[in-house]
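The values are calculated or read from the model by the stated rules, or taken from the named source; none is laboratory data. Model, not experiment: these values are computed from the prediction. Every residue, glycine as well, gets a Cβ built from its backbone with ideal geometry; the counts of neighbours run over all protein chains shown. Keep in mind that these areas ignore ligands, DNA and RNA; they rest on the heavy atoms of the full protein, side chains included. Shrake-Rupley method; radii C 1.70, N 1.55, O 1.52, S 1.80 Å.
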Amino acid sequence: PAFLSARGLVKQHIESYNYLVTRDIHQIVMAASNKRLTSEVDPKWFAEYENVTIGTPSYMDGMSPKDLTPQICRIRDMTYAAPIFVDVLYYKETEIVRKKGLKIGYIPVMLRSKVCCLSGKSHAEMAALGECPLDPGGYFVVKGTERVLLMQEQLSNNRIIVELDTNRMVQAVVTSSTADNKSRTVVCFRKQKREGLFVKHSAFGDLIPIVVLVRAMGMETDQEFVQTVGGTAQHCVEG
């Protein structure tokens with residue numbers, strides 16, 4: 001009861017969505033691999049994103065725009081979504097053109113999130129908008145139907161986690177995540193032709209001896225390996 005009164009049932013959904021629309025989507029768009037698009041035919045033709053923002057949910061009623069609410073979407077079988085605006089720098093004919101506030105698409109809006117019109121509303125204001133004052137939000141309205149995204153628990157990114165594998169062998173796992181890409185690295189102990197530590201990576205099909213990997217990263221002598229990893233020289237060389 002204390003947890004529900006302090007955190008609620010869907011606060012983790014709303015906080016995750018708020019992080020997406022305020023920080024994560026900007027980091028994804030502005031990542032080095034996504035920020036600039038260059039033509040393969042002629043490198044001088046390009047398009048570069050300079051900024052990305054999320055607008056306010058609205059719809060066209062005749063010739064005039066009006067604020068969009070979840071209740072309107074339920075009644076009219078509409079999707080509760082907000083426009084995505086970007087500032088773009090691109091090459092056109094013989095000059096570089098900059099356009100601000102260019103709409104490139106829509107993103108579904110989670111009820112009671114920062115983008116939603118119900119954010120921060122009192123019980124009376126919720127009732128005036130046709131919503132239940134006790135509705136916690138945390139879901140979407142898609143084509144008039146309420147939809148929920150199921151949360152999935154997973155290991156923390158960019159943290160080394162030591163655990164036992166299916167063979168009861170100790171292994172270290174880290175999921176490296178950036179705005180550009182995501183990869184998984186596992187350092188495990190195996191008894192193959194000879195015992196030792198091996199590296200399993202999402203980019204490789206087979207296990208790689210850890211000594212091969214560290215040498216590829218620039219460590220050329222056993223002394224460097226011992227000073228970096230630690231332990232006695234005899235144990236490291238045998239491993």
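A compact table of results
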{"quantity": "Pick from the range 54-63, criterion surrounded by fewer than 14 Cβ atoms within 10 Å (Cβ to Cβ) and at pLDDT 85 or above, ranking: farthest from PRO108 (Cα to Cα)", "calculated": "MET60"}
{"quantity": "Subset of the range 133-146 [free of Cβ contacts under 8 Å to residues at least 60 places away in the same chain and open to solvent by 70 Å² or more (accessible area, probe 1.4 Å)]", "calculated": "LEU134"}
{"quantity": "Selection count where residues are touching an Asp or Glu at 6+ places or on another chain (Cβ under 8 Å), part of a loop (DSSP other than H, G, I, E, B) and not hydroxyl-bearing (Ser, Thr, Tyr), scope the range 122-144", "calculated": "2"}
{"quantity": "Residue in the range 147-156 that is least open to solvent (accessible area, probe 1.4 Å), counting only those that are assigned to a loop (DSSP other than H, G, I, E, B) and either touching a strand residue (DSSP E or B) at 6+ places or on another chain (Cβ under 7 Å) or of a type outside the set (S, T, N, Q) (or both)", "calculated": "LEU155"}
{"quantity": "Flag if TYR49 is surrounded by 14 or more Cβ atoms within 10 Å (Cβ to Cβ) and of a type in the set (Ser, Thr, Tyr)", "calculated": "yes"}
{"quantity": "Criterion: of a type in the set (Asp, Glu), at pLDDT 90 or above and either over 26 Å from ALA128 (Cβ atoms) or touching a Gly at 6+ places or on another chain (Cβ under 7 Å) (or both) - qualifying residue of ASP42, ASP67, ASP77", "calculated": "ASP77"}
